[in-house]
Ligand SMILES: NC(=O)c1ccc[n+]([C@@H]2O[C@H](COP(=O)([O-])OP(=O)(O)OC[C@H]3O[C@@H](n4cnc5c(N)ncnc54)[C@H](OP(=O)(O)O)[C@@H]3O)[C@@H](O)[C@H]2O)c1
């Protein structure tokens with residue numbers, strides 16, 4: 001089968017298209033004919049080998065496994081011993097990061113627990129874009145911040161996958177949504193349906209004198225207490241990622257800040273695929289989707305990952321593995 005293979009860390013040019021052996025499903029695994037996969041932070045870190053701490057997970061000198069990718073949509077080809085929840089021909093999707101990487105390939109075998117049935121109303125490309133970013137947004141807004149109908153939400157770093165899904169989920173609750181991202185991306189984001197947009201180079205959302213019920217952040221860069229200025233009493237700031245030291249400080253200070261202000265500052269630790277059924281229900285009804293950057297053919301995976309590394313994308317970068 002055809003796959004993208006990475007033999008060392010470096011620029012996206014370390015990725016090559018190769019013929020490799022087709023995997024076989026082990027007991028408990030499902031073999032999938034991959035239709036589409038998506039580019040994530042993990043892929044960029046895996047290719048660049050940075051931040052260095054990630055090498056503890058991926059391999060010290062080179063990646064332990066050669067094929068990147070941890071999100072997929074596809075069709076079940078075969079089931080390993082003991083798998084009863086899927087059968088050949090089923091459409092599936094999933095975030096496989098809890099089990100293994102390797103979705104940049106025509107076939108991928110993974111534990112059945114990493115997969116969910118894919119409703120007919122959701123395309124393979126949309127499905128590949130969904131598991132990771134939609135659940136960062138859904139778990140952050142629904143399970144941590146408990147976003148309610150009609151509330152005011154601000155999304156910082158709104159131009160990526162998390163921002164697009166957070167907007168869609170908030171819209172399904174008739175919330176008023178402000179998005180913040182770089183000036184160069186706002187034109188492309190204007191059609192997504194934000195009530196207002198701010199360029200972070202021109203406006204510090206924590207200093208504009210406006211307060212929100214919920215702030216969700218895909219790129220935390222500020223000191224924790226600065227977010228309190230942008231929250232209403234009882235409001236919640238939830239970050240899904242950003243500067244590691246600032247996040248650590250947030251964990252340490254949060255109990256004190258909460259006592260003093262009654263505002264909540266929280267960090268989301270993603271639980272892979274948890275809540276995906278609810279998200280897929282909204283997607284199947286047409287209430288939730290993500291703008292696709294691409295799709296790129298598998299042969300151009302290195303270009304897709306480079307695009308992510310240079311942050312040139314809006315929405316989710318999708319790689320189409322098999323022809324529709
Ligand atoms: N919590 C968990 O368990 C977990 C697990 C995996 C990943 N993550 C994190 O989840 C996040 C994924 O978000 P995503 O997929 O939506 O990322 P994304 O596609 O990279 O989008 C992030 C957006 O933020 C913008 N941005 C950069 N700096 C900014 C700033 N200072 N202020 C406002 N916007 C800024 C970027 O645009 P420009 O670069 O053009 O400015 C980009 O459009 C990442 O932070 C990742 O590390 C969390």
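Below, the figures for the structure above:
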| quantity | calculated |
| --- | --- |
| All positions within region 272-324 that are within 18 Å of the chain's Cα centre (by Cα), assigned to a strand (DSSP E or B) and away from the ligand (no atom under 16 Å from the Cβ) | 320 |
| Condition met for residue 275 (at positive phi and assigned by TED's automatic domain parsing to the domain that holds residue 118) | no |
| Scope region 138-154; condition assigned to a helix (DSSP H, G or I) and touching a strand residue (DSSP E or B) at 6+ places or on another chain (Cβ under 7 Å); matching residues | 140, 141, 144 |
| In region 250-263, residue modelled with the lowest pLDDT [restricted to those that are surrounded by 14 or more Cβ atoms within 10 Å (Cβ to Cβ) and within 16 Å of the ligand (Cβ to nearest atom)] | 254 |
| Subset of region 66-82 that is farther than 25 Å from residue 134 by Cβ and not in a strand (DSSP E or B) - its residue that is nearest to the ligand (Cβ to nearest atom) | 66 |
| Test: residue in region 157-170 that is surrounded by fewer than 21 Cβ atoms within 10 Å (Cβ to Cβ) and touching a residue at least 12 places away in the same chain (Cβ under 8 Å) | no |
| Positions within region 207-220 being in contact with a strand residue (DSSP E or B) (Cβ under 9 Å, 6 or more places away or on another chain) and either surrounded by fewer than 20 Cβ atoms within 10 Å (Cβ to Cβ) or in a loop (DSSP other than H, G, I, E, B) (or both), in sequence order | 208, 210, 211, 218, 219 |
| Residue satisfying condition, being in a loop (DSSP other than H, G, I, E, B), surrounded by fewer than 24 Cβ atoms within 10 Å (Cβ to Cβ) and within 16 Å of the ligand (Cβ to nearest atom), within set 120, 98 | 98 |
| Residue in region 35-47 that is modelled with pLDDT of 95 or more, at positive phi and touching a strand residue (DSSP E or B) at 6+ places or on another chain (Cβ under 8 Å) present | no |
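The values are calculated or read from the model by the stated rules, or taken from the named source; none is laboratory data. Quantities reported herein were computed from a predicted structural model and do not represent experimental measurements. Neighbour counts are summed over all protein chains in view; Cβ atoms, including those assigned to glycine, are modelled from backbone coordinates with ideal geometry.
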